[in-house]
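Structure first, then comments.
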Amino acid sequence: MGTPGDHHRPHEHQDTTISISPTSDAILFNATGSGGSDLFLLNLKNLTVERITDSRNYEVAPSFSPDGMKIVYAAGVPGERADHIFTIGHNGQSPKQLTAADANDTSPRFSPDGSMIVFARDKTYIWGGLAANWENGGVVCVVASDGTGERQLTPDEDFAFAPFFTTDGQSVIYFTTNGCFSTPIDGSGNPTKLGPTATMPNLSADGMRIVFSDGNFSSDHELFIANLDGSHRTQITTSKNGCFHGVWTGDAKNVYFLMEEWPQGSSGHPKSSIWKVKTDGTGQKQISDLSLFDNPMNWKPKKSP
């Protein structure tokens, strides 16, 4: 489990998430790297991989700015107890730390105009961001993209996760164990319940629908699409393995996601591959195998027989 101040553990695929570029032609992801986990970019046109970061930091949960020029992510810094929020240029230049609280920050996303960032903060951790008791939520906070004006939006007693800005940038949509809510970023109103909660939800670009994972056990999770109020729920994947971390393309016609595999059996560790499916549930297709996340810079797509 680690010790206080320890911010290292071997990279595992449970830490991996993906994000689609604003032009839907590349996937941003974290995978095995110099700090245990670095950031990489998979070009979907030619299936080549580009390294974004190469540092001693343990970097996770990346996503793009609306114009695609910046990336926001969470990182554990050697010697620090907690994960903090950073930005970096899309070319890997000019990293900037935005938060520094004694808390684990994760799931950052830009506002529609790129001026602000929303993220989830776990203030109750014990041993730091890479300890076994790390949570993917806690309270929802916002900060300007230059690191100023940080403030908390949700109360400590609500466990909130997966925050997103609304399309006008004036409110934040987030999830709790009691449902999906929205709240104004200026604190001018109380949270409004929008619908039921969801597992690993991702909001569509128009802010009207979510893609999420649901199932009884890890291996039987499938992806579903629904309106924020829970209506028009539709299953879009069919697999003998678990499907997680769905992300929409900008035109909302496709979803990329991670499919879980257990190559070493139940005594080993789960691995992930990248897949794509149309939002009507047709055309399910594998994009990469699990080796992409273990050795990204040497990964090559398998040739069709």
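The values are calculated or read from the model by the stated rules, or taken from the named source; none is laboratory data. Note that the structure is predicted; figures quoted are calculated from it, not measured. All Cβ positions, glycine included, derive from the backbone under ideal geometry; neighbour counts span all protein chains shown. We work out accessible area using only protein heavy atoms, side chains counted, and drop any ligands, DNA or RNA first. Shrake-Rupley method; radii C 1.70, N 1.55, O 1.52, S 1.80 Å.
Magnitude of the Cβ-charge dipole of the chain, K/R +1 and D/E -1, about the Cα centre, nearest 20 debye?
On the way: 23 positive and 34 negative charges, 178 e Å.
Roughly 860 debye for the chain.
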(request) Quick one: net charge around Ser291, please, counting Lys, Arg +1 and Asp, Glu -1 for every other residue with C-beta under 10 Å from its C-beta. (result) +1
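If you take the beta carbon distance between Gln264 and Thr197 as r and set R0 to 45 Å, what does 1/(1 + (r/R0)^6) give as a FRET efficiency, to the nearest 0.05? Present the calculation step by step, with values, prior to reporting the outcome.
On the way: r = 33 Å, r/R0 = 0.72.
Efficiency, rounded to the nearest 0.05: 0.90.
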(message) For Cα pairs less than 8 Å apart in space and 6+ apart in sequence, what is the mean separation divided by the residue count of the chain, i.e. the relative contact order in percent?
(response) 12 percent
(message) Running a GNM on the chain with Cα contacts under 10 Å, which residue among Glu157, Glu59, Glu260 ends up with the highest mean-square fluctuation?
(response) Glu157
(message) Over region 157-212, what is the relative contact order in percent, taking alpha-carbon pairs closer than 8 angstrom and at least six residues apart?
(response) 25 percent
(message) Through the Karplus equation 6.51 cos²θ - 1.76 cosθ + 1.60, θ set to phi - 60°, convert the phi angles of region 140-151 into ³J(HN,Hα) values in whole Hz; use x for Gly and Pro.
(response) 9, 10, 10, 8, 5, 5, 9, x, 9, x, 5, 7
(request) Obtain the nm distance between the two label points defined at Ala101 and Glu157 by a simple spin-label model: each point lies 7 Å from its Cα along the Cα-to-C-beta direction. (result) 1.9 nm
(message) For a test of understanding, tell me how many lysine pairs in the chain have Cα atoms under 13 Å apart, given they are 8 or more places apart or on different chains.
(response) 4
(request) Quote the relative contact order of region 40-102 in percent (integer), defining contacts as alpha-carbon pairs under 8 Å separated by 6+ residues. (result) 22 percent
(request) Could you rank Leu28, Leu41 by how accessible they are, 1.4 Å probe, largest area first? (result) Leu41, Leu28
(message) I need the phi-derived Karplus couplings for region 35-49: 6.51 cos²θ - 1.76 cosθ + 1.60, θ = phi - 60°, integer Hz, Gly and Pro marked x.
(response) x, x, 8, 10, 9, 9, 10, 9, 6, 7, 7, 10, 6, 9, 10
(request) Have a look at Gln93, Gln152, Gln284 and tell me which one the Gaussian network model of the chain (Cα, springs below 10 Å) gives the largest fluctuation. (result) Gln93
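How far, in nm, would the chain grow between Arg56 and Ser34 when pulled straight, counting 0.36 nm per residue and subtracting the alpha carbon separation? Don't skip to the end; give the middle numbers.
On the way: separation 22, 0.36 × 22 = 7.92 nm, distance 0.58 nm.
Gain in length upon complete extension: 7.3 nm.
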(request) Working with all protein chains in place, sort Arg81, Arg233 by solvent-accessible area computed with a 1.4 Å probe, largest first. (result) Arg233, Arg81
(request) Pick out which of Met208, Met259, Met116 has the largest mean-square fluctuation in a Gaussian network model of the chain, springs linking Cα atoms closer than 10 Å. (result) Met208
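Count neighbours as other Cβ atoms within 10 Å of each site's Cβ, and list the chymotrypsin sites (Phe, Trp or Tyr not before Pro) in region 133-220 that are DSSP loop with at most 11 such neighbours.
Numbers: sites: Trp134, Phe159, Phe161, Phe164, Phe165, Tyr174, Phe175, Phe181, Phe212, Phe217; in loops: Trp134, Phe159, Phe217.
Counting only loop positions with at most 11 other Cβ atoms within 10 Å, the chymotrypsin sites (Phe, Trp or Tyr not before Pro) in region 133-220 are Phe217.
Out of every Cα-Cα pair in the chain, what percent are more than 30 Å apart? Don't jump to the answer; show the numbers that get you there.
Numbers: 12429 of 46360 pairs.
Tail of P(r) above 30 Å: 27 percent of Cα pairs.
Work out the FRET efficiency for Asn216 and Lys278 from their Cβ-Cβ distance, taking R0 = 41 Å, and round it to the nearest 0.05.
Numbers: r = 26 Å, r/R0 = 0.62.
Efficiency, rounded to the nearest 0.05: 0.95.
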(message) Just to be sure I understand the model, the point goes 7 Å from the Cα along the line to the Cβ. What's the resulting Asn91 to Asp294 distance in nm?
(response) 3.5 nm
